[in-house]
Amino acid sequence: MDLFEAMRGRRSIRKFKDKPVPLDIVKEILEKAIWAPSNYNMQPWYFAVVTGNKKKKILEAMEDVSTLVAERVSSIFDEKMTKLVKTFTRTFGGAPVIILAYSDRSFGNTPSPPLKFDPGILSVATAIQNLLLLAHEKGLAACWTSAAALVEDNINSILGIEGKDLIAAIPIGYPDQSPPVPPRKGRGIGWYT
């Protein structure tokens, strides 16, 4: 698959088929995703692959924040889309696999001078982008969502994870929808000479 074709063809999918994803495909995607660039070559990413009973417990935790997330997005979305966001937050669209993306705190503090951003988060974000494109290449779909960070302590307790910051949850599976191409907003590039 051509890289730009993958970039244009990938969608954030919020409804998945009730069909298991072979974990060897997930493993291959993750092994390739970590070939991302990272600030200071920290490579701070940690991916937790969640299925089965642990996934059910995480979805129960997400139930607790679905109303809060819906309230937060209600100012930018209409009522129908707000309801969809609330449902997706509770169910992750029925995805058979949830990948939780973490930044490992064991890499220490940011080198001086202090930056306005956490380079660990940015590094994990590059690996997430790779993951999304690789999943698309394999015929899978995914959606990058940050709502899980609202119940990070609960999720970490469920999984027994310590010393890592939860950056995102990525539900992954076979798509059961085909959303239209969202238009580009046409801003965000400036030329200076």
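The values are calculated or read from the model by the stated rules, or taken from the named source; none is laboratory data. Note that the coordinates shown come from a computational prediction; the quantities given were computed from them, not determined experimentally. Don't worry about glycine lacking a Cβ; one is built from the backbone with ideal geometry, like all the others, and counts go over all protein chains shown.
Worth a mention:
- Enumeration of residues in the range 105-144 that are of a type in the set (S, T, N, Q) and modelled with pLDDT under 95: Ser106, Asn109, Thr110, Ser112, Ser123
- Close pairs (6 angstrom Cβ cut-off, 6 or more residues apart or separate chains): under 13 Å from Thr145 (Cβ atoms) in the range 84-102, among the polar types (S, T, N, Q) and at pLDDT below 95 anywhere: Lys86/Ser66; Thr89/Ser66; Arg90/Ser66
- Gly52 fulfils the conditions (1) within 20 Å of Leu30 (Cα to Cα); (2) at pLDDT below 90 except for a single criterion, (2).
- Pick from the range 7-29, criterion more than 17 Å from the chain's Cα centre (by Cα) and within 14 Å of Leu132 (Cβ to Cβ), ranking: surrounded by the fewest Cβ atoms within 10 Å (Cβ to Cβ): Arg8
- Residues satisfying the stated conditions in the range 175-193, i.e. over 29 Å from Leu140 (Cα atoms) and not charged (D, E, K, R): Gly188, Ile189, Gly190, Trp191, Tyr192, Thr193
- Members of the range 41-98 found to be among the small types (Gly, Ala, Ser), assigned to a loop (DSSP other than H, G, I, E, B) and loosely packed, with under 13 Cβ neighbours inside 10 Å, listed by number: Ser75
- Applying the set (1) modelled with pLDDT under 90; (2) assigned to a loop (DSSP other than H, G, I, E, B) to Ala36 leaves exactly one unmet item: (1).
- Long-range neighbours under 7 Å by Cβ, at least six apart or interchain, first residue at pLDDT below 80 within the range 174-187, second not in a loop (DSSP other than H, G, I, E, B): none
- Count of the range 149-190 residues, restricted to those that are in a loop (DSSP other than H, G, I, E, B), within 18 Å of the chain's Cα centre (by Cα) and within 14 Å of Lys54 (Cα to Cα), is 1.
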